[in-house]
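**Q** Take a look at the following structure, please.
The values are calculated or read from the model by the stated rules, or taken from the named source; none is laboratory data. Nothing here was measured: the structure is a model prediction, and the numbers come from that model. Neighbour counts run over all protein chains shown; Cβ positions are idealised from the backbone, glycine included. Calculation scope for accessible area: heavy atoms of the full protein, side chains included, ligands and nucleic acids excluded. Shrake-Rupley method; radii C 1.70, N 1.55, O 1.52, S 1.80 Å.
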Amino acid sequence: MSYHEYWRLHRLPFGQVNGREDFYEGTSQREAIARLRFLVGNARSVGLLIGGPGSGRSSLLRHVSRNVLWSGAIVDTVLVSGRCDSQADWLHQLSTTLCADPTLHSSDAWRRICDTIDAASRQDVYTCLLVDDATNLVAESISSLINRSRHVTAVLACNTETAGGLVHRIGGCPLRIDLPHWALSDSAGFIRQSIADSGGEPELFNDAAIVRLHELSEGRVATLARLAELSLLAGAGSRATQITPEIVEAIQDEMLVAAA
């Protein structure tokens, strides 16, 4: 019997948190989405989404690309990875996503990207580029795009260490959108909603266990999800009826031993 069957859940509540459509809007996510709406709604050219490892930055971008509606404008939202080895690789990625044409060479790709954006702008459609893990190389290309068209808004997702280099290459003053770690109330809401959405009892984790999970994860979304998943696995193995701080502590001890 799998652990989610033991807890009478109809699917894994945490194990695939980064791959599902489910999305929990904590305080930092709500504030970030509001600032993104301001950025696009006011035709600002560029913003920096800054969040450290485990902050849920990638999940937020996926959610925005699929589900967020922009008031007062028609927006074509394009999510693309900024991880690339060369300018040609980046242009290939962008043209594949924006133009749905993976066969273009780098010189043709740039022309096609510009033509696609220009065709949209003639219909008064804005192009919003969401670039995850943006690099300096990508920022230089984005700078050229936003300088040639007022119908382009770019959101570059990065961490604090790389933000300065991106600002230098973009030029101007991008809107800063921070994604801080969760407060306890957000961590508790995430755990209980994830359990409820999976068909379980919201009180499956008792209050003290949630507090300990929040402390151990320091409010990092990805770490919190992983610890909660392991707690369910350990609880099922010990035939527990509820996740308690003792189960969470046992998980922490096992993780420390594995890392040693």
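**Q** How would PHE38, PHE190 line up by accessible area, probe 1.4 Å, largest first?
**A** From most accessible down to least: PHE38, PHE190.
**Q** Just to confirm a number: summing +1 for Lys and Arg and -1 for Asp and Glu over residues other than ARG44 whose beta-carbon lies under 12 angstrom from that of ARG44, what do you get?
**A** Charge balance near ARG44 sits at +4.
**Q** Here's something else I'd like to know. For helix 27-41, report the angle its Cα long axis makes with the longest principal axis of the Cα atoms of the chain; keep it between 0 and 90° and round to the nearest 10°.
**A** The two axes meet at around 10 degrees.
**Q** Working from the pairwise distances between different alpha carbons, so that the mean of 1/r is found and then inverted, what is the stretch 209-251's Kirkwood radius in Å?
**A** Kirkwood radius, the stretch 209-251: 10.1 Å.
**Q** Before anything else, pin down the relative contact order of the stretch 62-176: Cα pairs under 8 Å, at least 6 apart, normalised by residue count, whole percent.
**A** Relative contact order of the stretch 62-176: 26 percent.
**Q** From the backbone phi of the stretch 69-75, what are the Karplus-calculated ³J(HN,Hα) couplings (6.51 cos²θ - 1.76 cosθ + 1.60, θ = phi - 60°) in whole Hz, Gly and Pro given as x?
**A** With the stated coefficients, the stretch 69-75 comes to 9, 9, 6, x, 7, 9, 10 Hz.
**Q** Given Cα pairs under 8 Å that are at least 6 residues apart, what percent is the relative contact order of the stretch 183-246?
**A** Relative contact order here is 37 percent.
**Q** Moving to a separate point now. At a Förster radius of 35 Å, what calculated FRET efficiency corresponds to the Cβ-Cβ distance of ARG44 and ASP207, to the nearest 0.05?
**A** Rounded to the nearest 0.05, the efficiency is 0.25.
**Q** Also, quick follow-up: Go through the stretch 214-229 residue by residue and turn each phi into a ³J(HN,Hα) via Karplus (6.51, -1.76, 1.60, θ = phi - 60°); whole Hz please, and just put x for glycine and proline.
**A** After applying 6.51 cos²θ - 1.76 cosθ + 1.60, I find 5, 5, 5, 7, 6, x, 7, 4, 5, 5, 4, 4, 5, 5, 5, 4 Hz.
**Q** Would you report the distance distribution of C-alpha pairs in the stretch 157-260 as whole percents per 10 angstrom bin, up to the bin with the largest distance?
**A** 14, 39, 22, 15, 9, 1
**Q** Between SER71 and GLU31, what is the label-to-label distance in nm when each label sits 7 Å out along the Cα-to-Cβ direction?
**A** A separation of 2.0 nm, rounded to one decimal place.
**Q** Give me log10 I(q)/I(0) at q = 0.16, 0.20, 0.22 Å⁻¹ for the stretch 37-151, Debye formula, one equal scatterer per alpha-carbon, no solvent.
**A** Values returned for q = 0.16, 0.20, 0.22 Å⁻¹ are -0.76, -1.21, -1.45.
**Q** May I ask you to evaluate 6.51 cos²θ - 1.76 cosθ + 1.60, the Karplus curve with θ = phi - 60°, for each residue of the stretch 179-194 and list the ³J(HN,Hα) values in order in whole Hz, giving x for glycine and proline?
**A** Whole-Hz 3J(HN,Hα) from phi for the stretch 179-194: 10, x, 5, 6, 7, 4, 4, 5, 4, 5, x, 4, 5, 5, 5, 4.
**Q** Would you please give the residues with an amide H less than 5 Å from that of THR77, counting only those at least 5 places away or on a separate chain, with H modeled from the backbone geometry?
**A** It is CYS128, by chain and number.
**Q** Follow-up question, since we're still on this one. For the chain, what number results from the quotient of the Cα radius of gyration and 2.2 N^0.38 Å?
**A** 1.16
**Q** Treat each spin label as a single point 7 Å out from the Cα along the C-beta direction, and report the ARG83 to LEU184 distance in nm.
**A** Using points 7 Å along Cα→Cβ, the separation is 3.6 nm.
**Q** Taking the full set of protein chains and a 1.4 angstrom probe, give the accessible area of ILE247 in square angstrom, rounded to the nearest 10.
**A** Counting only protein heavy atoms, ILE247 exposes about 20 Å² to solvent.
**Q** What percent do you get for the relative contact order of the chain when only Cα pairs under 8 Å and 6+ apart count?
**A** 27 percent
**Q** Return the FRET efficiency for the residue pair THR160, ALA100: r is the Cβ-Cβ distance, R0 is 25 Å, and the value is rounded to the nearest 0.05.
**A** Once the sixth-power term is evaluated, E becomes 0.15.
**Q** Please list the non-local residues whose amide H lies under 5 Å from the amide H of TRP182, H modeled 1.01 Å from N, same-chain partners needing a gap of 5 or more.
**A** For TRP182, whose amide H was placed from the backbone, the distant partners under 5 Å are ARG220, VAL221.
**Q** Additional query: Based on a Kirkwood Rh over C-alpha pairs, give the Stokes-Einstein translational diffusion coefficient of the stretch 109-214 at 10 °C and viscosity 1.306 mPa s in µm²/s.
**A** 93 µm²/s
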